[in-house]
Amino acid sequence: MMKVQVVYDNRGTGTTLHYGWGFSAMIGKTVLFDTGEDGDKLLSNLRSLGYDYNEIQMVVISHDHWDHRGGLWKLLEKRRGLPVYICDGFRDSFHQDVKEYGGNLRVVSGRTEIAPGVFTIGPIEGEYQGGPIQEQAIALVSSERADRQQLNVVTGCAHPGVVKVVRECSAAFPELRIDSVLGGFHYKNKEDREIAEEYRLLMEMGVQRLGPAHCSGDRGIEVCRRDCGEKGMSVDVGFLLDV
Ligand SMILES: [Zn+2]
Ligand SMILES: [Zn+2]
């Protein structure tokens, strides 16, 4: 059993945790996926949720956007030498900044197991504002028992399209059933019927639990509630997923 917890999201009403534009999640106690926009908020949320940043063994940044990398610098100030996994497609200035802050940069170009059962599947091609973008996602293989293993996907913004991201994760682990997909689905600018079609495809692929967060947008969350029934999860900062 492993836990994934959202530690940064733009939704957080009714909580004393900080919230703001961006996304970040802890995978277990040692892997931080994305860092939100603001390092002070991130570190404060980690503390409030019972995490010790000294126990973090690596950071994975999904893609080179401010709302996913912004909190990294405050963490690196406290944790020089921390491995930072990125994929192809990050700007040279990002590489430079990580080095200046003392981070141990690791560029992933394909499926890589970074901790037991925790994989980045490497860069996936997408499009953002008319230009190309590359983004990586986390594939989490849960359960100690080999015959009960399932696949869980955590996405940053899913600029390549969440269906494509899940397909690529699934192609990397064709023998596994897909349990959950959590993170930014980037439905902000999509029509309801396009969103509905994507949820339909995801459920057709066998996804059991869907947690649209961050840039999934109000419609992305509403259509999930409407169409996915018990498979839909309501996500905001602090949300905890057992996988
Ligand atoms: Zn984003
Ligand atoms: Zn983005």
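Within the stretch 235-243, not a single residue is closer than 26 Å to Ala171 by Cα, out of contact with any strand residue (DSSP E or B) (no Cβ under 7 Å at 6 or more places or on another chain), modelled with pLDDT of 95 or more and surrounded by 14 or more Cβ atoms within 10 Å (Cβ to Cβ).
Taken together, the residues in the stretch 62-88 that are assigned to a strand (DSSP E or B) and surrounded by fewer than 24 Cβ atoms within 10 Å (Cβ to Cβ) amount to 2. Annotation note: of Val154, Val141, the sole residue that is within 16 Å of ligand 2 (Cβ to nearest atom), among the aliphatic types (A, V, I, L, M) and in a strand (DSSP E or B) is Val154.
Selection of the stretch 204-224 for residues being closer than 21 Å to Val4 by Cα and more than 16 Å from ligand 1 (Cβ to nearest atom) yields Gly206, Val207, Gln208, Arg209, Leu210, Cys224. Just a yes or no: is a residue in the stretch 108-129 over 27 Å from Met1 (Cβ atoms), part of a strand (DSSP E or B) and away from ligand 1 (no atom under 16 Å from the Cβ)? So far as the stretch 108-129 goes, yes, one or more of its residues are over 27 Å from Met1 (Cβ atoms), part of a strand (DSSP E or B) and away from ligand 1 (no atom under 16 Å from the Cβ).
Remark: pairs (first residue in the stretch 131-143, over 15 Å from Lys164 (Cβ atoms); second residue within 16 Å of ligand 2 (Cβ to nearest atom); Cβ separation under 7 Å; 6+ apart in sequence or on different chains) = Ile138/Phe33; Ile138/Val60; Ile138/Val154; Leu140/Val154. Taking first residues from the stretch 210-221 that are closer than 18 Å to Asp242 by Cβ and partners that are within 15 Å of ligand 2 (Cβ to nearest atom) and modelled with pLDDT of 95 or more, the Cβ contacts under 7 Å between residues at least 6 apart in sequence or on separate chains come to Ala213/Asp9; Ala213/Phe23; Ala213/Gly183; Ala213/Gly184. Would you point out the residue of the stretch 144-198, among those that are under 25 Å from Gly22 (Cβ atoms) and of a type in the set (Lys, Arg), that is nearest to ligand 1 (Cβ to nearest atom)? In this case the residue turns out to be Lys188. Here Ile27 does not qualify as over 16 Å from Leu240 (Cα atoms), in contact with a Lys or Arg (Cβ under 9 Å, 6 or more places away or on another chain), buried (at least 18 other Cβ atoms within 10 Å of the Cβ) and touching a residue at least 12 places away in the same chain (Cβ under 8 Å).
Taken over the stretch 1-34, the criterion of being aliphatic (A, V, I, L, M), outside any loop (DSSP other than H, G, I, E, B) and more than 16 Å from ligand 2 (Cβ to nearest atom) is satisfied by Val4, Val6, Val7, Met26, Ile27, Val31, Leu32. Among the residues of the stretch 203-229, those that are in a helix (DSSP H, G or I), surrounded by fewer than 23 Cβ atoms within 10 Å (Cβ to Cβ) and not acidic (Asp, Glu) comprise Met203, Gly217, Arg219, Ile221, Arg225, Arg226, Gly229. Scanning the stretch 142-160 for residues that are surrounded by 18 or more Cβ atoms within 10 Å (Cβ to Cβ) and of a type outside the set (Ser, Thr, Tyr) yields Leu151, Asn152, Val153, Val154, Gly156, Cys157, Ala158, His159, Pro160. Only residues that are within 20 Å of Gly36 (Cα to Cα) and more than 12 Å from the chain's Cα centre (by Cα) were counted across the stretch 123-158, and they come to 4.
The values are calculated or read from the model by the stated rules, or taken from the named source; none is laboratory data. These numbers were taken from a predicted model, which means no experiment stands behind them. We place every Cβ from the backbone using ideal geometry, glycine too, and count neighbours over all the protein chains shown.
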